[in-house]
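A short write-up of the structure that comes next.
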Amino acid sequence: MKKAEYNDKDLIVDILTKSFETNQSVNYIVKQDSKRLSRIKSLMDYSFEVCYSFGDVFLSDDNKACALVLYPDKKRTTIKSVLLDAKLILSCVGLENIKKTLAREALIKKIQPKEQMYYLWFIGVDPANQNTGIGSELLKELIEDSKSIERPIFLETSTLKNLPWYKKFGFNVYHEAELSYKLFFLNRSLT
């Protein structure tokens, strides 16, 4: 695993767009219209920018998988972050979805503990390379990275089939929320 450079952005956005095209949680906030795929791409672009500024962006050594990690305690409101939020609303969420998107984000914030964390916002493998162990290797390396900076990992998933995978790596479900889909909150302690 390597830290991504800014010029890796297009590759990372592409991997995540493909990986999350059918994800319930992503499609819950993305405006569902003929531009849905480009809206998912806008979400991934936004997420890359936020994590590049207030976290870490990683690529697998073979450039087929990536992860966006956010350190919520380091996130600040800046002119750039306000502009990114506005762009996200216009290019991804749509005005009609603002209320439910903000409500979902408030719910997540309320449930997440108020401690320094290693928030694994997105982890994705190019669909052509899924089920080959690339994602598992990346997750192992992320776990080691979280230990090295002494931050427990937190994440959410709406993908039921991913629960056993995360559990295999020591993650526990600590909360479930019902939206128009079930959202699982997971964490992994440092031990």
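Below are the figures for this structure:
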{"quantity": "Translational D in µm²/s for the chain (Stokes-Einstein at 4 °C, 1.567 mPa s, Kirkwood Rh from C-alpha pairs)", "calculated": "77 µm²/s"}
{"quantity": "Label point 7 Å beyond Cα of Val173 along Cβ direction - residues of region 1-39 with amide nitrogen under 16 Å", "calculated": "24-25"}
{"quantity": "Cα-projected label distance for Ala103 with Glu137, points at 7 Å along beta-carbon direction, nm", "calculated": "4.4 nm"}
{"quantity": "Neighbour count of at most 13 Cβ within 10 Å plus DSSP loop: longest GluC sites (Glu not before Pro)-free window in the chain", "calculated": "6-114"}
{"quantity": "Lys, Arg +1 and Asp, Glu -1 on Cβ, resulting dipole of the chain about Cα centre, debye, nearest 20", "calculated": "580 debye"}
{"quantity": "Charge sum, other residues only, whose C-beta stays under 11 Å from Asn27's C-beta, Lys/Arg counted +1 and Asp/Glu -1", "calculated": "+2"}
{"quantity": "Calculated P(r) of region 112-191 - Cα pairs past 14 Å, %", "calculated": "64 percent"}
{"quantity": "Pair Ser81, Lys2: separation of 7 Å Cα→Cβ label points (nm)", "calculated": "3.0 nm"}
{"quantity": "Rounded to the nearest 10 Å², the accessible area of Ile98 at probe 1.4 Å", "calculated": "50 Å²"}
{"quantity": "Mean ellipticity per residue at 222 nm, deg cm²/dmol - from DSSP H runs of n ≥ 4 across the chain, formula -39500 (n - 2.57)", "calculated": "-13000 deg cm²/dmol"}
{"quantity": "Along the chain, longest interval not containing exposed trypsin sites (Lys or Arg not before Pro), exposed being DSSP loop plus at most 14 other Cβ atoms within 10 Å", "calculated": "115-191"}
{"quantity": "Candidates Val26, Val69, Val93, ranked by Gaussian network fluctuation over the chain, Cα under 10 Å, top entry", "calculated": "Val26"}
{"quantity": "Accessible carbon and sulfur surface of the chain relative to its total accessible area, %, 1.4 Å", "calculated": "53 percent"}
{"quantity": "Residues Tyr181 and Ala128, FRET efficiency given R0 of 35 Å [Cβ-Cβ distance, rounded to 0.05]", "calculated": "0.85"}
{"quantity": "Candidates Ala177, Ala67, Ala103, ranked by Gaussian network fluctuation over the chain, Cα under 10 Å, top entry", "calculated": "Ala103"}
{"quantity": "Whichever aspartates and glutamates have a C-alpha closer than 16 Å to that of Lys87, once near sequence neighbours (fewer than 8 apart) are set aside", "calculated": "Asp45, Glu49, Glu96"}
{"quantity": "Percentage relative contact order, the chain, counting C-alpha pairs under 8 Å, at least six apart", "calculated": "23 percent"}
{"quantity": "Relative contact order (%) - criterion: Cα under 8 Å, at least six apart; region: region 48-150", "calculated": "34 percent"}
{"quantity": "Whole-number accessible area per residue in Å² for the chain, which is evaluated in the context of all protein chains at 1.4 Å", "calculated": "52 Å²"}
{"quantity": "Mean Cα-pair separation over length for region 1-109, i.e. relative contact order, pairs under 8 Å, 6 or more apart, %", "calculated": "31 percent"}
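The values are calculated or read from the model by the stated rules, or taken from the named source; none is laboratory data. Predicted model, so just to flag it, every value in this text is computed and none were measured. Methodologically, a virtual Cβ is constructed for each residue, glycine included, from the backbone with ideal geometry; neighbour enumeration extends over all protein chains shown. Remember, those area values only see protein heavy atoms, side chains included, never the ligands or the DNA or RNA. Shrake-Rupley method; radii C 1.70, N 1.55, O 1.52, S 1.80 Å.
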